[in-house]
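Report on the following structure.
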Amino acid sequence: MLRAPIVHYSPAPKDVVRVALDMLRLHKGELLFDLGCGDGRILIMAAKYYNVKAVGIEIRRGLARIAKENAKRAGVADLVEVIRGDFFRIDLSKADAITLYLSSKVNEALKMKFINELRDGTRIVSIFFPIPSWNPIEVRKVRTPIKDFNVYLYEMNPEIRR
């Protein structure tokens, strides 16, 4: 079984997060997983603006604690759960949507996990790093003062599973 590598912590700008969440077309009652949730900003925005249950998985103890505290401060602790652990070892089969801001190498390693666990129709959005060899159904460019971010949207389907 693969083990989640530690990816450099670099929080996505809020404008980029908003575009990524908009691309997922979230609906009340859906379940979102954020793999490598960092400070919890994606979870908080998803819960606050889309009224979805948001589960973050973070391997670093300190960041997991910060994400929990941030959700509490934002008033969405009832909709946000933070799991301190390795996302390669967490079952994602109940996810309606997944967010990633990891790396191309980690995205590549996640492909088989997604194929094996996710239902057709599950949406995946990846910030900055595409999922190698998968064709996104939509790509949006978000300009920020720091740099431009591409945001890639994928949807699980039989073609991906081949």
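Below, the figures for the structure above:
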{"read-out": "Net dipole in debye of the range 14-161 [+1 Lys, Arg Cβ; -1 Asp, Glu Cβ; about Cα centre; nearest 20]", "value": "440"}
{"read-out": "222 nm mean residue ellipticity, helices alone, for the chain (DSSP H n ≥ 4; -39,500 (n - 2.57); rounded to 500)", "value": "-9500 deg cm²/dmol"}
{"read-out": "Cα gyration tensor category, rounded, prolate or oblate, for the range 14-161 with a/c compared to 1.5", "value": "rounded"}
{"read-out": "Under-12-angstrom lysine pairs by C-alpha in the chain, whenever the two are 8 or more apart or on separate chains", "value": "4"}
{"read-out": "Lys53, Lys72 arranged by Cβ crowding within 10 Å, fewest neighbours leading", "value": "Lys72, Lys53"}
{"read-out": "Mean separation of Cα contacts under 8 Å, 6 or more apart, over the residue count of the range 67-156: relative contact order %", "value": "25"}
{"read-out": "Rounded FRET efficiency, nearest 0.05, which uses the C-beta distance separating Ile83 from Asn135 and R0 of 30 Å", "value": "0.50"}
{"read-out": "Length-normalised contact order for the chain - Cα pairs under 8 Å, 6+ apart - percent", "value": "22"}
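Read-outs throughout are calculated quantities, based only on the coordinates presented, and are distinct from any laboratory measurement. For clarity, every value in this text was computed on a predicted model and none was experimentally measured. Glycine also receives a Cβ, built like all others from the backbone with ideal geometry; neighbour counts cover every protein chain displayed.
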